[in-house]
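Reviewing the structure listed below.
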Amino acid sequence: MPDPRPSNLPDTMFAIVTTGNGGYDRLEPRRVPLPRPGPGEVLLRVLAAGVNNTEINTRLGWYSASVTDSTDATQDAQTKAGEQKSDGGWAGATPFPLIQGTDCCGLIVAVGEGVKTDRIGERVIVRACMRVNGFDNLDCLWMASDFDGAFAQYVKVPAGEVFPVDTPWTDAELATIPCAYGTAETMLTRARVGPGDRVLVTGASGGVGSATVQLAKCRGAEVVAVAGASKLDALRDLGADRLVSRDADLLAELGDNAVDVVVDNVAGPGFPVLLKLMKRGGRYASSGAIAGPIVALDMRDMYLKDITLYGSTAWDEPVFPRLVSLIEAGKLTPLVAATYPLERIAAAQEAFLKKRHVGNFVLIPPEE
């Protein structure tokens, strides 16, 4: 079979390989073979790759049932212990060694059999959650959790999972979109957020949180944003209608039966009050738990108020096309907190865990 790579591509590439569960020492810079696109696949030159909780949690083995603490506390523990978790990934053990990197803006540089060559040269973003058996069930494969991702100079992905975007945004700005906005839009879709809803967003200054604020406003909802006091002005600029410091007494600030929907990726000890804030028939959606996965749930708050709880991991079919259309229509504001060279990934993740930023960190691979 002929080599599907153009002759001007190298035989190897620079990548950050995660070698197992543990601290930053598990992030190893290496030269690895260049991927070759198979039938129905494309090869992307990675232009920018976002940083998010998923990569950190996977490296730490945070998804293991044995972990009960927050992401940052688990980072501290794993730095000392380096304990390998047989159930540390989303579906059991993570297939280490692995190139992580869920968020990708890239340029198509080669195509496999069955893919039109006129796609070469497209600048695209990657739908990292791939519903391999169709959208009628929740089976999915995740780039950077189930197979190699974008913390490298090149990555290969199925051609149907890359979406060209007609926008003047920079590569780094586009790299903030896939994971955070795909996750946020799926939660809002499942919670049926629409005009007239009052939506409370916890952790509103983070990648998913700031995406949720914008996407809920695009749906005509009223947004109450909860974040650190120093970050509230930035959330006002994104359109949040009411701003509440994360240190505030939410019940005293908002009162009982104050919101229709809660979008919460914080969880931890602050969870119990969130159900008390919700109106009867309220909807709660979550795709994460950065403050800790184990929460206290008063069942009376849930069933007496007819509250529906939505867990969200697999992205739904309308989500990614809608995100592309919103970008192209100029209805979203990208938030790049900082960019780092790919080789400084440990510094980027360390800064990310300090939670002093608004938006997303982005890694830029070296050019060769």
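The values are calculated or read from the model by the stated rules, or taken from the named source; none is laboratory data. Worth saying up front: this structure is predicted, and the values here are computed from it rather than measured. Cβ placement follows ideal geometry from the backbone for every residue including glycine, while neighbour counts extend to all protein chains displayed.
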Restricted to region 344-368, and to residues that are among the aliphatic types (A, V, I, L, M) and part of a strand (DSSP E or B), which residue is farthest from Ser210 (Cα to Cα)?
Ile364
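Taking region 73-88 only, how many residues are under 27 Å from Val362 (Cβ atoms) and either surrounded by fewer than 16 Cβ atoms within 10 Å (Cβ to Cβ) or within 15 Å of the chain's Cα centre (by Cα) (or both)? Explain how you work it out, then say what you get.
From region 73-88, those under 27 Å from Val362 (Cβ atoms) are 73-76, 78-79, 88; that's our starting set.
Now narrow it down to the ones that are either surrounded by fewer than 16 Cβ atoms within 10 Å (Cβ to Cβ) or within 15 Å of the chain's Cα centre (by Cα) (or both): 73, 76, 79.
Selection size over region 73-88: 3.
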Any hit, region 102-115, residues being over 23 Å from the mean Cα position of the chain (by Cα), crowded, with 24+ Cβ neighbours inside 10 Å and not in a loop (DSSP other than H, G, I, E, B):
yes
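So which strands (runs of 3 or more DSSP E) are wholly in region 151-208 and hold at least 2 residues that are within 25 Å of Gly220 (Cβ to Cβ)?
The strands (runs of 3 or more DSSP E) meeting that bar are 198-201.
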Which ones in region 345-364 are of a type outside the set (A, V, I, L, M) and within 16 Å of Glu173 (Cβ to Cβ)?
His357, Gly359, Asn360, Phe361
Considering each of Arg280, Arg246 in turn, give the residue that is farther than 30 Å from Asp139 by Cα and modelled with pLDDT under 95.
Arg246
Every residue from region 210-230 that is over 14 Å from Leu332 (Cβ atoms) and either modelled with pLDDT under 95 or small (Gly, Ala, Ser) (or both):
Gly220, Ala221, Ala225, Ala227, Gly228, Ala229, Ser230
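Residue-wise test of (1) under 22 Å from the mean Cα position of the chain (by Cα); (2) in the same structural domain as Asp233 (by TED's automatic domain parsing); (3) surrounded by 16 or more Cβ atoms within 10 Å (Cβ to Cβ); (4) not β-branched (Val, Ile, Thr).
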residue: Pro272; (1), (2), (3), (4): no, yes, no, yes
residue: Pro318; (1), (2), (3), (4): yes, no, no, yes
residue: Glu328; (1), (2), (3), (4): yes, no, no, yes
residue: Leu342; (1), (2), (3), (4): yes, no, yes, yes
residue: Ile345; (1), (2), (3), (4): yes, no, yes, no
residue: Lys354; (1), (2), (3), (4): yes, no, no, yes
